[in-house]
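The values are calculated or read from the model by the stated rules, or taken from the named source; none is laboratory data. Quick caveat: nothing in here was measured; it's all calculated off a predicted structure. Here the Cβ positions follow ideal geometry from the backbone for every residue, glycine too, while neighbour counts run over all protein chains shown. Just so you know, the surface numbers come from the protein's heavy atoms only, side chains and all, with ligands and any DNA or RNA stripped out. Shrake-Rupley method; radii C 1.70, N 1.55, O 1.52, S 1.80 Å.
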Amino acid sequence: MATIDSILAEVDRAADEIVQFTVDLIRMPTINPPGDEYESCARFLGNHLRQRRFDVEYIVADGRPEHTARHPRVNVVASRRGGGGPVVHLNGHIDVVPPGDGWTLDPFAGVVRDGRIFGRGVCDMKAGLAAAVYAAEAIARAGVVLPGTLEISGTVDEESGGFAGVAWLAEQGRIAKGRTDYVIIPEPLNVDRISVGHRGVYWFELTLVGRMAHGSMPFLGVSAIDGMTEVLAAIRRELEPALAGRLTSMPVVPEAARHATINVNAIEGGQPIAGIQSPCVADRCRAIFDRRFLIEETFGRAKAEMDALVKRALSTVPGVEHEIRDLMVVDPVQTPHDSPVVSAVERAIGRVLDRQATLVASPGTYDHKHVARIAGIPHCIAYGPGELELAHQPDESCRIDDLVNATKVLALATLDLMGAGR
Ligand SMILES: [Zn+2]
C-alpha cells in the first residue's frame with residue numbers, strides 16, 4: 001500500500017519531466033514512410049534508459065529490404081533485471097505517419113497548451129513511450145526493487161506493418177515465448193480502455209485483362225474497365241450487405257467496425273490519365289482492396305467468398321481474364337479472457353482512475369499480431385494514453401492528465417504482473 005502510494009506520488013512529481021520527454025520525442029520527426037530519424041530516436045531512448053541503469057541493445061533489421069543506408073531500421077531494447085520474477089515488456093513504436101495538411105501549428109515543435117501536448121505522433125504513440133519510460137522511472141525513484149525484469153523497447157515501422165520492428169525482434173527471438181511473459185503496447189485507446197486484439201486484414205490486388213481495339217469500334221475489343229465495373233457493382237450489391245450483416249463477438253470500437261468491411265484502396269485502368277490519349281479500348285484494369293474480416297469468418301472463407309464473387313461478376317463480361325494476388329494477410333488476434341495482463345491493467349485502471357476499465361478491440365491492426373503469431377506470446381494487450389480518434393489527424397494532441405494517469409497505470413500493472421504491489 002505504502003509502495004503504491006509512493007510510486008503514484010513519484011509519477012506526479014515527475015509530470016513536467018514526462019511532458020518534456022514527450023516533447024523531445026515529438027521534435028524528432030520519425031516520419032514513416034520513408035522512415036526518417038529512426039537511429040537518432042532509438043539512440044535518444046537508449047541513452048536515456050542507460051542512464052537509468054537499463055542494459056541497452058540496438059537491434060538492426062539488416063535482413064529486411066526496407067533497411068537501407070539512408071533509412072536504417074534501428075530498434076532499441078532496454079532491460080532492467082530485478083528479482084527472478086516474470087518479464088514484463090513495454091513496447092512502443094517510434095515511427096509516426098506524415099503530418100499531412102490542415103495543421104494550425106508546427107507538427108514537430110511539441111507545443112504545450114491548454115493542458116495538452118500537440119504534435120504529429122504525440123498520441124500515436126510518443127506519449128505512450130514516455131509513459132512506459134517514466135513508469136519504470138517512478139518505480140525506481142520510489143525505491144522499489146523490481147521482483148522481475150522490466151523491458152522497454154522502441155521499434156520501427158508499425159505504421160507500415162512492423163516487419164522491421166516488432167516482427168523482426170520476434171523472429172530474432174528477442175521477444176519470445178519462454179523469454180517474455182507479458183507484453184503491453186501503450187497505443188492510444190483512451191486512458192480507461194484496454195485493447196484485447198483486432199480484426200483480420202486481407203489486402204489483395206485484382207488485375208483484369210481484356211483485349212485492345214480501336215476506341216471508335218469498342219465492340220471489337222474487350223474492356224477490362226467494364227469488367228471492373230461489374231466487380232465493383234457486385235461488391236456494392238451483394239458483398240457489402242452480407243458483410244454488414246455479420247457481427248463479431250469481439251468488442252471492436254467504434255461500434256460500426258464490429259462488422260466485416262471492404263474498401264477499395266486504389267484503382268487504375270486503360271491509359272494513364274495524365275498522358276496523351278489515343279483511341280484504345282482499355283485492355284488492363286487493376287484495383288487494390290482492403291477487406292477486414294472477423295475472427296468468426298476466418299481468412300480462408302473470406303478469400304473463397306471474394307474469388308467466387310469476382311468469377312460471378314465477370315461471367316457477364318466474356319473475354320476478361322482475371323488474377324488475384326494476395327498482398328497482405330493478417331489473422332485476427334484476441335487475448336485470452338482470463339489473461340493475467342488483462343486483469344492487472346484492469347486493477348490498475350480501477351486504482352488510478354477509480355473507474356471500471358472497458359475492454360475493446362481495434363478496428364485496424366497493430367504490433368499485437370507479431371507478438372501473438374511470431375513470438376507466440378498470448379498475454380499481450382494495448383493500453384496507453386491518448387484518444388484513439390485523434391491518431392493520424394491534423395493538430396494531433398494528447399491530454400497531459402491522461403499521460404500522467406497512464407504512466408501510473410503502467411507502473412502499477414507492471415508491478416502487479418511481477419507479483420507485487422497488489
Ligand atoms: Zn500506433
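In the stretch 176-189, of all residues being under 17 Å from the mean Cα position of the chain (by Cα) and under 21 Å from residue 332 (Cβ atoms), the one that is nearest to the ligand (Cβ to nearest atom) corresponds to 187. Does residue 228 satisfy the condition of being over 27 Å from residue 53 (Cβ atoms) and either open to solvent by 10 Å² or more (accessible area, probe 1.4 Å) or within 15 Å of the ligand (Cβ to nearest atom) (or both)? No; evaluated as a whole, the condition is false for this residue. Scan the stretch 99-151 for residues that are more than 16 Å from the ligand (Cβ to nearest atom), within 20 Å of residue 48 (Cα to Cα) and of a type outside the set (Phe, Trp, Tyr) and the total you get is 17. Taken over the stretch 267-298, the residue count meeting the criterion of being among the aromatic types (Phe, Trp, Tyr) and either in a loop (DSSP other than H, G, I, E, B) or closer than 12 Å to residue 204 by Cα (or both) is 1. Sub-9 Å Cβ pairs linking a first residue in the stretch 337-366 that is farther than 25 Å from residue 257 by Cβ to a second residue that is surrounded by fewer than 17 Cβ atoms within 10 Å (Cβ to Cβ) and of a type outside the set (D, E, K, R), at least 6 apart or interchain, are 350/356, ordered by first then second residue.
Within the stretch 116-125, being of a type outside the set (Phe, Trp, Tyr) and in contact with a strand residue (DSSP E or B) (Cβ under 6 Å, 6 or more places away or on another chain) holds for 116, 117, 120, 121, 122, 123, 125.
Of all residues in the stretch 152-175, those satisfying the criterion of being assigned to a loop (DSSP other than H, G, I, E, B) and within 16 Å of the ligand (Cβ to nearest atom) are 156, 157, 161, 162, 163, 164, 165.
If you go through the stretch 371-406 one residue at a time, how many are part of a loop (DSSP other than H, G, I, E, B) and either away from the ligand (no atom under 11 Å from the Cβ) or open to solvent by less than 20 Å² (accessible area, probe 1.4 Å) (or both)? Give the derivation first.
Step one: of the stretch 371-406, the residues part of a loop (DSSP other than H, G, I, E, B) are 374-379, 383-387, 391-396.
Narrowing the set further to residues that are either away from the ligand (no atom under 11 Å from the Cβ) or open to solvent by less than 20 Å² (accessible area, probe 1.4 Å) (or both) leaves 374-379, 383-387, 393-396.
The number of residues fulfilling the criteria is 15.
Give the stretch 351-370 a look and list any residue that's within 14 Å of the ligand (Cβ to nearest atom) and either over 11 Å from residue 200 (Cα atoms) or buried (at least 21 other Cβ atoms within 10 Å of the Cβ) (or both), or say none. I'd like the intermediate steps shown before the answer.
Keep residues of the stretch 351-370 that are within 14 Å of the ligand (Cβ to nearest atom), which gives 362-370.
Passing the criteria: 362, 365, 366, 367, 368, 369, 370.
Taking residues in the stretch 236-249 that are at negative phi and surrounded by fewer than 15 Cβ atoms within 10 Å (Cβ to Cβ), and partners anywhere that are at pLDDT 95 or above and among the basic types (Lys, Arg), the pairs with Cβ atoms closer than 7 Å and at least 6 places apart or on different chains are 247/258.
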